[in-house]
Amino acid sequence: MSLRFHVSSWWLRGALGVLLACHFTTLAADFTTLCADRAAIERVYYNHRLGTKPPFAETLPAATLEGLVRLELNKEAALQKAYDVTTTPAQLAAEIQRINTTTQSPEMLAEIKAALGHDPEKFANAFAKPILVERELRQRFDNDNALHAVTRRECEHVRHELLTARTNGASPTQLLVRLRRAHSNEVSEATWQLTAHPAETNAPNADELEIKKRFGPDARILSSPRAGPDTERKIYFEDLPVELQKVLRVQLRQAGNVSAVIEMPGGFLLYLAREKTAETLAVAMLSLPKRNYEEWLAEQSKAQP
């Protein structure tokens, strides 16, 4: 049974009233208050940690908490400076509603609100706004064509070289050698099963789905609890994101085919079909990461007056 947090009408009315009546911003809020509120939130998380743990003041000293708040302020400033975007009260109200209605830990969320004195403005500034700002900033960073143009051009150049070599008669093996020679550390290989999962394992397990979500469609776990020590680990084409499946079905019809450059949130992908049978598709994948988000954010922070 899924857990949903049902907000009492008085609290939601109070939160929306505060948000729509005042155009308060995190940048204008008192820094000391923000640090105190962040400490209150982190203490709730700390209290839910199991096992032996050092005192809270040692786990998150004042300097660390201040650094976390400054980082959140820097993200808000970067969003405004780099993309001319300022979060609105309406967006913040929607974010609060999203948090309230989708939380998987309603009891902990209630504790956080209590730690903030059931103050809608504190909850908005200290808890909801950092989440909203991070999502808005990261989305724009990931899709910033100008910012990631150099990496895209590099990937397109590699694709052009492979297509030229193929036109001149290079075999799939020769194409792979050329690809590895140019980017040995960024090339990986995989063999996908084109058949469906066996009936008893008709869907990937939760661990596999989480690994693919966090590390990309070609990420693999080293062992599976469903597989014995002598069972060969197989990965299935149908486990890839649906949109990626559609692209690769069309573009990797036979050995030697080269895909278009595929943009993902974290980088650019280029696939080379090494071998294709009715049951399997063996590929080499070039993965070039986009600019590092943390490094870019640090640059934005240094550039701020």
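The values are calculated or read from the model by the stated rules, or taken from the named source; none is laboratory data. Just so it is clear, the structure is predicted and the values come from calculations on it, not from any experiment. Counting neighbours? That spans all protein chains shown, and the Cβs are built from the backbone with ideal geometry, glycine included. To get the accessible areas, we keep the full protein, side chains included, count just its heavy atoms, and leave off ligands, DNA and RNA. Shrake-Rupley method; radii C 1.70, N 1.55, O 1.52, S 1.80 Å.
When each of the peptides 251-257, 274-280 is scored by the mean number of other C-beta atoms lying within 10 Å of its residues, the order from highest to lowest reads 251-257, 274-280. Its Cα centre serving as origin, segment 40-104 has a Cβ charge dipole (Lys and Arg +1, Asp and Glu -1) of approximately 180 debye.
The Cα-based radius of gyration and maximum Cα-Cα distance (Dmax) for segment 36-77 are 11.6, 38 Å. For segment 39-108, the solvent-accessible area works out to 55 Å² per residue, with a probe of 1.4 Å and every protein chain left in place. Between residue 245 and residue 168, the C-beta separation translates, for a Förster distance of 30 Å, into a calculated FRET efficiency of about 0.50. Heavy-atom surface analysis with a 1.4 Å probe gives segment 23-154 a carbon and sulfur content of 55 percent of its accessible area.
Protein chains only, probe 1.4 Å: how do 158, 177 rank by accessible area, largest first?
On the way: 158 10, 177 80 Å².
Output order, biggest surface exposure first: 177, 158.
The alpha carbons of segment 31-157 give a radius of gyration and a Dmax of 17.5, 57 Å, in that order.
Panel note: the C-alpha atoms of segment 228-281, placed on their principal axes, show extents of 37, 26, 16 Å (largest first). For the Cα trace of segment 44-108, dividing Rg by the Kirkwood Rh returns an Rg/Rh value of 1.09.
Roughly speaking, what % of Cα-Cα pairs in segment 253-300 are separated by over 14 Å, rounded to a whole number? All intermediate terms of the calculation are to be shown ahead of the outcome.
Values: 660 of 1128 pairs.
Tail of the P(r) past 14 Å holds 59 percent of the pairs.
Under 12 Å from a label point set 7 Å out along the Cα-to-Cβ vector of residue 135, no amide N atom of segment 263-293 is found.
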